[in-house]
Structures are given as structure tokens and as C-alpha cells.
Amino acid sequence: MDKDRIKGSAEQTKGAVKEAAGKAFGDKKLETEGKTDKAAGKVQNAVGGLKDAVRGK
């Protein structure tokens, strides 16, 4: 498994926590940051998946 997939999954989790906290506290900025982190994590996870596919894993 590529390190980008691991980092991407961690970033998605961090984003989900931020988004939930933003919703719970009514903090739109924190909620938006969470959504952005989740999207970045998905992209990074996809890049790692492509690297794994190229390596044949």
C-alpha cells in the first residue's frame, strides 16, 4: 500500500472530524475546512491507488 493512500485516508478522517465539529458548534469556517480536507484526502488516496496499480499491487 502506497504512503499516499495512508496519508489520504488520515486526511479524510481529519476532515470528517473538522466538518462534524463545525456543524456541532455552528462554525461555518471549520465546517468548510473539514470539507476541503476530506476532498484533498480523497485525491491523495486516489493518487496512491494509481501508484499501487502501476506497481501491480
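Here, each number is a calculation from the coordinates, and none is a lab measurement. For clarity, every value in this text was computed on a predicted model and none was experimentally measured. Backbone-built Cβ (ideal geometry, glycine too); neighbour counts: all protein chains shown.
Before moving on, here are some points about what is shown:
- Scan of region 14-31 for residues that are out of contact with any Lys or Arg (no Cβ under 9 Å at 6 or more places or on another chain) and assigned to a helix (DSSP H, G or I), ordered by number: VAL17, ALA20, ALA21, LYS23, ALA24, PHE25, LYS28, LYS29
- Residues located in region 1-51, provided they are among the small types (Gly, Ala, Ser) and surrounded by 15 or more Cβ atoms within 10 Å (Cβ to Cβ): GLY8, SER9, GLY15, ALA16, GLY22, GLY34, ALA40, GLY41, GLY48, GLY49
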